[in-house]
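Colleague: Pasting a structure here, questions to come.
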Amino acid sequence: MFLAVPNMTPLDKVALYLACTLVTVAAQDLPSNYQYYTEEGVKSGLEWTNGAFLLNKKGFRIFSGAVHYFRVHPDYWRDRLKKVRAAGLTTVETYVPWNLHEKTKDSFDFGDGQSEMSPFLDIVRFVKMAKEEDLFVIVRPGPYICSEWDYGGLPSWLQRDPSMRVRTSYPGYLERVDKFFGMLLPLLTDLQFTRNGSIIAWQVENEYGNYQEDVDRAYMEYLRDKMIELGVIETLFTSDTPTLSGDLGSVEGAIQSANFQYGAAKEFARLQELQPGGPNLVMEFWTGWFDHWGEPWHNTHNPEDMASELSVILSDEWYGNVNFYMFHGGTSFGFLNGANVPPISPQYMADVSSYDYDAVLTEAGDYTPKYTIIREMILPNLPPIYTPEPPELKSKANYRGVVLTEYVSLENLVRNVPGELQFTGMKLPLAMEDLPMNNDSGQSFGYILYRTTAEFGSGSNLTIVGHVRDLAVLRIDGKLLSKPWTSDSQIGSFGFWGAANRSYTFEDVEYGAHVIDILVENMGRNNFGVLSDFNQKKGLPEGPVLLDDVDIPEWEVIPFEFNSEWVE
């Protein structure tokens, strides 16, 4: 790149051009990341000694960026990976979402399925492409991933087992984990570094210390042993915030790492107490944060604050290793966003579809000031390897406004649902996960309609026993009665998730029979917390619906999954 300087003479310009050319030639003579660490053959993988990592017996610091293959259209994978490498990073990290790879029980999709998300799921292609772009890979296969992703990546159909205890040694849970890992891990084990692949490390579970009193040590040991049994031979690690959960989420044989945004010195000091002489690894250095529906702002993280903490991580005192979470957030497509269930109002907060995260690259893959900061701070800490220049940005299209002239009515949708998916004579409570469909996997995402005909009196009251999960609209004889959600003050009223046993009084409904429709939206399942926070059935899962305090005995229940085959 040739940068002109004001008031330069022609001779000065020639000299500068030659200097830049020489620098470019010298840089291109350097070995690539892979060449540097494998030039004498691969003898060993990632290991550590005296607080520092070695890769193939050479000094190595993990400089990594998180890019989730399932949140980025595969046409853009290579562009994002090139930008990771050009930032000076040598590694890319990704989670693996179980609930996409096994959306319905015993039906696995690793890019060869027929769902709308199938093209996103070829993890083997993603890992191989990372190597082509001179990047090592860290895999975090779950089975739980958090990640502001629906149910933390767990399949919703696990909840069909009334005794289910996710993320524990409960046999019914481990049986399903075994099947998933048994399909996933053999696809990747031949792509490990010591088998001439790119994967240098694997994570066991995820932030398990946050399970607090529900922590099951035997479960973590089981996962570790299962991964090894299935062919994992590279370094294992766990990740938590050391000052909050100590070693609750650790397991013998796996390196403990830290997750934080601020307080690098404090977290590393606690990590050293837990793991004396071990490497200081930040598995999640939060470059931004995520957003919830209903928040009046977009969460951001000041680039200067990020730089300040990064300087501590990279300092000689701590000699830290870092994975930037997120480097590129991408998008939680479809209904796949997660949620949180805080103990105070509003009790439930659904994440937005955008996973921009105020990350190093924007949701569209554009550079931010954080990119420049990271590149300038990482490059001096690299061994003598070639780092490419940042690639040019992808061109953008200007899609002009479209005037909507048609719509699809609810009745039209109902008519287009196959008869075998219109369930009659159903009794409430009934969650979408418990519907007899999708190979006994129930309904995972979308909307669910509860419809019945009942006799009304003067000033009748309709009561939904328990909570709505998550947002309901009420119609009588096709007339919409619910008001749109415009204020937090509504969250405790009828049709919202915030309070149980809410009623609606019909003031202008005549005596006689009327059709009642309750259309419930699943806004996303919680993805974080303790065991009790993972009771996440959706629809009307907690109680019956009463008309004038009498249980309405039978309902027609119709799921709207909006999968691509049906929509098309």
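The values are calculated or read from the model by the stated rules, or taken from the named source; none is laboratory data. None of the values given here were measured: they were computed from a predicted structure. Cβ placement follows ideal geometry from the backbone for every residue including glycine, while neighbour counts extend to all protein chains displayed. These accessible areas exclude ligands, DNA and RNA; they are computed on the full protein's heavy atoms, side chains included. Shrake-Rupley method; radii C 1.70, N 1.55, O 1.52, S 1.80 Å.
Colleague: Six or more apart or on different chains, Cβ atoms under 6 Å: show the pairs whose first residue is in the range 174-189 and under 16 Å from residue 122 (Cβ atoms) and whose second is in a helix (DSSP H, G or I).
Modeller: 187/124
Colleague: Of the conditions (1) at pLDDT below 95; (2) in contact with a His (Cβ under 7 Å, 6 or more places away or on another chain), residue 113 clears all except one; give me its number.
Modeller: For residue 113, the failing item is (2).
Colleague: Also, I was wondering about something else. So residue 75 fits all but one of (1) within 18 Å of the chain's Cα centre (by Cα); (2) at pLDDT 95 or above; (3) not hydrophobic (A, V, I, L, M, F, W, C); what number is the exception?
Modeller: It is condition (1) that residue 75 fails.
Colleague: Can you tell me how many residues in the range 290-305 are of a type outside the set (S, T, N, Q), exposed (fewer than 15 other Cβ atoms within 10 Å of the Cβ) and closer than 30 Å to residue 316 by Cβ?
Modeller: The number of residues fulfilling the criteria is 2.
Colleague: Please find, among 111, 45, 59, the residue that is more than 17 Å from the chain's Cα centre (by Cα), on the phi > 0 side of the Ramachandran plot and small (Gly, Ala, Ser).
Modeller: Unique residue meeting the criteria: 111.
Colleague: Let me ask another. Tell me yes or no: at least one residue of the range 38-48 is open to solvent by 30 Å² or more (accessible area, probe 1.4 Å), in contact with a strand residue (DSSP E or B) (Cβ under 8 Å, 6 or more places away or on another chain), at pLDDT 95 or above and among the acidic types (Asp, Glu).
Modeller: Yes, some residue in the range 38-48 is open to solvent by 30 Å² or more (accessible area, probe 1.4 Å), in contact with a strand residue (DSSP E or B) (Cβ under 8 Å, 6 or more places away or on another chain), at pLDDT 95 or above and among the acidic types (Asp, Glu).
Colleague: Looking only at the range 297-334, count how many residues are hydrophobic (A, V, I, L, M, F, W, C), in contact (Cβ under 8 Å) with a residue 60 or more places away in the chain and in contact with a strand residue (DSSP E or B) (Cβ under 9 Å, 6 or more places away or on another chain).
Modeller: So the count comes out to 7.
Colleague: Here is a follow-up. Pairs only if they're at least six apart or on different chains, beta carbon under 9 angstrom, first in the range 489-514 and farther than 17 Å from residue 350 by Cα, second crowded, with 17+ Cβ neighbours inside 10 Å and of a type in the set (D, E, K, R); list them, first residue then second.
Modeller: Qualifying pairs under 9 Å: 493/502; 494/502; 500/542.
Colleague: Something else: From the residues in the range 495-521 that are in a loop (DSSP other than H, G, I, E, B) and touching a strand residue (DSSP E or B) at 6+ places or on another chain (Cβ under 7 Å), which one is surrounded by the fewest Cβ atoms within 10 Å (Cβ to Cβ)?
Modeller: Among them, the one singled out is 511.
Colleague: Show the residue pairs that are 6+ apart or on different chains and have beta-carbon atoms under 7 Å apart, the first residue being within the range 259-270 and of a type in the set (Ser, Thr, Tyr), the second being part of a helix (DSSP H, G or I).
Modeller: Between residues of the range 259-270 that are of a type in the set (Ser, Thr, Tyr) and residues that are part of a helix (DSSP H, G or I), the close pairs are 262/309.
Colleague: Here's something else I'd like to know. Which residues, counting only those in the range 358-380, are part of a helix (DSSP H, G or I) and either aliphatic (A, V, I, L, M) or surrounded by 13 or more Cβ atoms within 10 Å (Cβ to Cβ) (or both)?
Modeller: Hits for the range 358-380 are 369, 370, 371, 372, 373, 374, 375, 377, 378, 379.
Colleague: From the list 550, 567, which residue is open to solvent by 10 Å² or more (accessible area, probe 1.4 Å) and under 26 Å from the mean Cα position of the chain (by Cα)?
Modeller: After ruling out the rest, the residue left standing is 567.
Colleague: When you go through (1) of a type in the set (A, V, I, L, M, F, W, C); (2) open to solvent by less than 10 Å² (accessible area, probe 1.4 Å); (3) under 24 Å from residue 152 (Cα atoms) one by one for residue 60, which number turns out not to apply?
Modeller: Unmet condition: (3).
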